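Visitor: Submitted below is the structure of interest, expressed as structure tokens.
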Amino acid sequence: MAKLLKKGSFNREEQASCRLHNLCSGCQYLDLPYGTQCDLKKDQLLQLFTEFGLSSPGSIQVLSAGSASLRDRLDFSLEGGRLGLYRKDRREVLDISECSQLSPALQSWLSQFRKIKWPFQKGSIRLRVGPQGQKGVWLDFANIDIKTLLDEKTILHELQKEAFVEIGQRRKVPVWTGSEFKLRDPEMHVWFQTWMNERPVDLFCQVASFTQPSLRANKIICDVINGWVQSFPRSRLIEFGSGIGNLTLPALAVAESLTACEIDALSLEGLQKTLENLPADLQTLRKKIEIHRGDFQKKLMQDFSQFDGVLANPPRSGLMNFLNPLEELSPEKRPPFFIYMSCFPESLVKDVVRLKNCGYDLEEVYIVDQFPQTSHYEVLALLQRK
């Protein structure tokens, strides 16, 4: 992992600044040097291990793409003409024009977007910049406000000159008919990027889709996953929480086969389109993957004994009943290794306790700091069957 760790190096003494740090609730660690922030996150994770009776595998390494300017998507609230995050001192949106968390391209898009004067008071907005610099916006407003927006026409016309627009929980796309706007079904476009070894691969999804927040930090995650799977040659994998395929493809690049399991239909539609649009020399990978849709936190139809490894990126609630069939297997039939990724370490640690009871030991743990200046972080864990 030496090459990877070099990529994840950072300046421990670096300290970001923000004129709103006393008011904005977004960054909890802004007053601390970046190295101190990373140490705090390691200590928090080690404390969780201790609280649940787990021993960590030696030191925990923090991998980072930098202490600021990482985010390529943001989620802001609109309230009374103010666009930003909630204040520390009261339940009110703080107007934010600049944020050190944003990549330069996203900051530029935010500055441009803020010129809009909205005809209503409240809503949620996601801005996104894709891997080729393309701009997108998801407007999640009440139905009556969406109707106002469609009838007003001017704002949507101006927005569509600059960006791809999605509207509402159903992520509909506004289309101008010549006299009015109509909403059509969601569309898949390239809004994110994963990595297969050193090769970038475009991922199809929606502006509103779940992705990692940073293209730069995601490269580090993909390198870890690829390296771990590569250390178990010709593995047959089952993946829980495949989403749009961000971890699927780095694993598929070196695995013998992969069964992808996901509950969200739109995410799987994006994964399917990504596979269909792979470069010609990667099309053979499509023969190595099977896709299954279902609520795998409640019931898993697949037999764990048919796989050599598990790759899991569950929601905040963790793996839940996904692990039941694994616990029911005899020890020798359980997959030899288990890779777990989570931005909610409490759930990860609880699941690791269950995996330990199934005969798995923690071999490696990394923190990927996708959220500098905050108390949040991503955890990657490799477990092996005894």
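The values are calculated or read from the model by the stated rules, or taken from the named source; none is laboratory data. Treat the numbers as computed from the prediction; the structure is a model and nothing was measured. Counting neighbours? That spans all protein chains shown, and the Cβs are built from the backbone with ideal geometry, glycine included.
Visitor: List every residue pair whose Cβ atoms sit under 6 Å apart, with the two residues 6 or more apart in sequence or on different chains, where the first one lies in region 234-254 and is over 14 Å from T274 (Cβ atoms) and the second, anywhere, is of a type in the set (A, V, I, L, M) and assigned to a loop (DSSP other than H, G, I, E, B).
Guide: Cβ pairs passing all conditions: S235/A255; L237/A255.
Visitor: Quick check on L348: is it more than 14 Å from Y360 (Cβ to Cβ) and aliphatic (A, V, I, L, M)?
Guide: no
Visitor: Further question: So the check is Cβ under 7 Å with 6+ separation or different chains; which pairs have a first residue in region 196-219 that's acidic (D, E) and a second one that's in a strand (DSSP E or B) and at pLDDT 95 or above?
Guide: Close Cβ pairs (under 7 Å, with a partner that is in a strand (DSSP E or B) and at pLDDT 95 or above) amount to D202/V190; D202/Q193.
Visitor: Please enumerate the residues belonging to region 313-335 that are in contact with a Gly (Cβ under 7 Å, 6 or more places away or on another chain) and over 23 Å from S375 (Cβ atoms).
Guide: Within region 313-335, P331, R334, P335 qualify.
Visitor: Of the residues that sit in region 271-328 and are under 17 Å from L237 (Cβ atoms) and among the basic types (K, R), which one is surrounded by the fewest Cβ atoms within 10 Å (Cβ to Cβ)?
Guide: K287
Visitor: Follow-up question, since we're still on this one. It is to be established whether one or more residues within region 112-125 are modelled with pLDDT of 95 or more, among the polar types (S, T, N, Q) and assigned to a helix (DSSP H, G or I).
Guide: Yes, because at least one residue in region 112-125 is modelled with pLDDT of 95 or more, among the polar types (S, T, N, Q) and assigned to a helix (DSSP H, G or I).
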